[in-house]
Amino acid sequence: MISIFYSLILLSCGVLVYSETASFYGASYISVPLLEAKNSTDIEFKIFTKRSDTLLLFAAGDIDYCLIKLTGGRLKVHINLGSGESVVSSPHGLKLDDLNWHSISFSRRDAEVTLTIDKIHVTREKLPGKFFTLNINYGLFIGGQGEFSELFLGHGDWLRGCISDLVYNGVSPLNLARKRLDQANAHDISWNCAAEFRASSSTEISFVDDGSFMSLPVSIPRTGDRWELEIKTVSTDGVVFYTTGGGENSDFVGVELIGGRVHVILDKGGGPAEVISDIKISDGIWHHITIIFNPNMAQLIVDNKSTKQKLTLSATKFFDLGVVVYVGGIVVNRRARALGQGLKTADTSLKGCIKNIRISMQEVGFPSAKITQGLLASCIWSYPCNDEPCKHGASCVPRGISSFLCLCDEDDCARKDFHHSYTVYSKTMQLELLELTPLTIFEGQNIILTSSHINVVLDYAKYGIRDSGVLFSTVPSQLPKHGRLAVEVWEKAGSPQTFTLLDLIRDKVRYVHDGSESTLDSLALDLELSPGANFVLPSYLQGQHRFKVYINITAVNDPPSLVISSSKTLHLAKGTRKLLA
């Protein structure tokens, strides 16, 4: 701990402060080891949140502490220098939970403290007691207290929102956490202010990570409920909805995808009942799902086709469910329970998009969420296989959020007239190598071929490869039919033209159209990687990787022209006219 202390002091003396912004998702936190004893405290940061009651920052010692949080939207600083807790509050009526950025400054010199909000609202107080040193040895916690339990802080929620430009006694904890310096730790943090905090309940939700989920604080009526949503996915398995009560034999309701079909499983004490739709929805288009349940029956409606199931009679007449509904996945510490209750996909989060969620006839979404993990605002899953990008006879396999892989017996299996970007994979490992975007050009013009058209997505630097070691060469048997490639550094006739990624970056490669009446052209290239000294490429990256760049040509309506050889005579009938231009 002493080495950490010296590290922080050196940072403080040098005033090495960096501007960073961090997003916190309701279960996120940052912890920074800290050992100090000071008669002064200087804390500055900005916050952006809708959460009215939440922990913002906590510096912890054995007895001493400084806790900054929102209570009812009002900022409060709880500080204990050894003589008991004192509370310094922002002015009455000033709320900081309005989804606007607010700057906060807290300064202490012995017992004199000043709290400033937005550089306008100033509160000054004098702390009671005879101790003036703040002794911190457990460290600094931001957004949540992590696993720290030495001091009881109440049952407040952790932060959902953003913190920016945090400086604690001259040190930037966000910068330390982002760079993992001095044993600083960041748990479920993204280094921006996420768009989901500004999103509305109608905003589409993308589930993109293996552990994605949204938890909604909703009390389910004992008499049952109605849930609705729209879903778009190609995943065949994953959680859609889940809620459970307390106790060992608690009631539960789960909705999941199994083999592309919607399954509803629920239990109110008489044993689990299941409703299964016969409609497959894992096709990358939007489908509407409605679940209606009460103590007597469960109904599942998929795209207006209904399936019902009566529930087994039991001594329990009502559902006793919890106050949290999980959407798209389940938090880790609840998955074993869900598996034990009968959810077959409890440990599998949905990959895809959900929108128009309604629970108890109320629209819910990002603004209602208690915790989110692995989500993005708006639907980013595009499912290009639905656009039939592959040649006839080739099969299309989805890859990631917006990529696809065409499988066939040829080197290139994509359609020539497919106008969207797509990814090229290595031969054996199906590792992403390139993202290709077709060129668009007017008839008779030329265009620079850049790294936006051939984007190398492979992390080639870790193999000791420089930009000049990413080599491209033309294929003599598959040259453009309606133009040519012009490379500043290579104009040798009769041999394959070669250029590097560095040449692309420096705008040294062009496609020149020949002016013919054509709408499509293509350029076949071989990619080869040249590693640095003392590096050996894995077998699946060795050799050449062939791909095609497609060119979309926009025809130009040329004005009509009359061409007459100098040895010819133009004859006109008497009394007629011809305009020569």
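The values are calculated or read from the model by the stated rules, or taken from the named source; none is laboratory data. Only a predicted model underlies this, so the values are computations on that prediction, with no experimental measurement involved. Using ideal geometry, Cβ is built from the backbone for each residue, glycine included, and neighbour counts are taken over all protein chains shown.
A few remarks follow.
Results for (1) at pLDDT below 95; (2) over 31 Å from the mean Cα position of the chain (by Cα); (3) over 25 Å from residue 100 (Cβ atoms); (4) not hydroxyl-bearing (Ser, Thr, Tyr), shown as yes or no for each residue.
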position: 123; (1), (2), (3), (4): no, yes, no, no
position: 129; (1), (2), (3), (4): yes, yes, yes, yes
position: 139; (1), (2), (3), (4): yes, no, yes, yes
position: 143; (1), (2), (3), (4): no, no, no, yes
position: 146; (1), (2), (3), (4): yes, no, yes, yes
position: 151; (1), (2), (3), (4): yes, yes, yes, yes
position: 154; (1), (2), (3), (4): yes, yes, yes, yes
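- Meets criteria (modelled with pLDDT under 95, crowded, with 16+ Cβ neighbours inside 10 Å and not in a loop (DSSP other than H, G, I, E, B)) for residue 321: no
- Annotation: of all residues in segment 194-219 being closer than 23 Å to residue 234 by Cβ and assigned to a loop (DSSP other than H, G, I, E, B), the one that is farthest from the chain's Cα centre (by Cα) is 203.
- Filter pass, residue 349 being at pLDDT below 90 and not hydrophobic (A, V, I, L, M, F, W, C): no
- Residue list for segment 51-63, restricted to those being crowded, with 16+ Cβ neighbours inside 10 Å and of a type outside the set (Ser, Thr, Tyr): 51, 55, 56, 57, 58, 59, 60, 61
- Candidates 162, 193: the one that is buried (at least 17 other Cβ atoms within 10 Å of the Cβ) and touching a helix residue (DSSP H, G or I) at 6+ places or on another chain (Cβ under 7 Å) is 162.
- Residue in segment 513-534 that is out of contact with any Asp or Glu (no Cβ under 6 Å at 6 or more places or on another chain), at pLDDT 90 or above and among the β-branched types (Val, Ile, Thr) present: no
- Set side by side, the residues 237, 267 differ, and just one is at pLDDT below 95 and not small (Gly, Ala, Ser), which is 267.
- Considering segment 413-431, the residues that are part of a loop (DSSP other than H, G, I, E, B) and small (Gly, Ala, Ser) include one that is modelled with the highest pLDDT, namely 421.
- Members of segment 285-299 found to be buried (at least 16 other Cβ atoms within 10 Å of the Cβ) and within 26 Å of residue 246 (Cβ to Cβ), listed by number: 291, 292, 293, 294, 295, 298
- For segment 115-159, a tally of residues being among the polar types (S, T, N, Q) and under 22 Å from residue 21 (Cβ atoms) returns 2.
- Unique match (being in contact (Cβ under 8 Å) with a residue 12 or more places away in the chain, out of contact with any Asp or Glu (no Cβ under 8 Å at 6 or more places or on another chain) and assigned to a loop (DSSP other than H, G, I, E, B)) among 345, 312, 316: 312
- Which listed residue is buried (at least 21 other Cβ atoms within 10 Å of the Cβ), over 18 Å from the mean Cα position of the chain (by Cα) and either hydrophobic (A, V, I, L, M, F, W, C) or in the same structural domain as residue 253 (by TED's automatic domain parsing) (or both), from 390, 408, 413: 390
- In segment 432-479, the residues that are part of a strand (DSSP E or B), without any contact (Cβ under 8 Å) to a residue 40 or more places away in the chain and either touching a Cys at 6+ places or on another chain (Cβ under 8 Å) or polar (S, T, N, Q) (or both): 455
- Contact map, segment 533-550: first residue in contact (Cβ under 8 Å) with a residue 12 or more places away in the chain and within 28 Å of residue 389 (Cβ to Cβ), second residue β-branched (Val, Ile, Thr) and surrounded by fewer than 12 Cβ atoms within 10 Å (Cβ to Cβ), Cβ cut-off under 8 Å, separation 6 or more or different chains; pairs are 540/428.
- Test: residue in segment 107-121 that is small (Gly, Ala, Ser), at pLDDT 95 or above and over 31 Å from the mean Cα position of the chain (by Cα): yes
- Residue count for segment 241-269 under the criterion of being crowded, with 20+ Cβ neighbours inside 10 Å and either under 28 Å from the mean Cα position of the chain (by Cα) or of a type outside the set (Lys, Arg) (or both): the result is 17.
- Considered as a group, the residues in segment 224-240 that are under 15 Å from residue 265 (Cβ atoms) and in a strand (DSSP E or B) include one that is farthest from the chain's Cα centre (by Cα), and that residue is 227.
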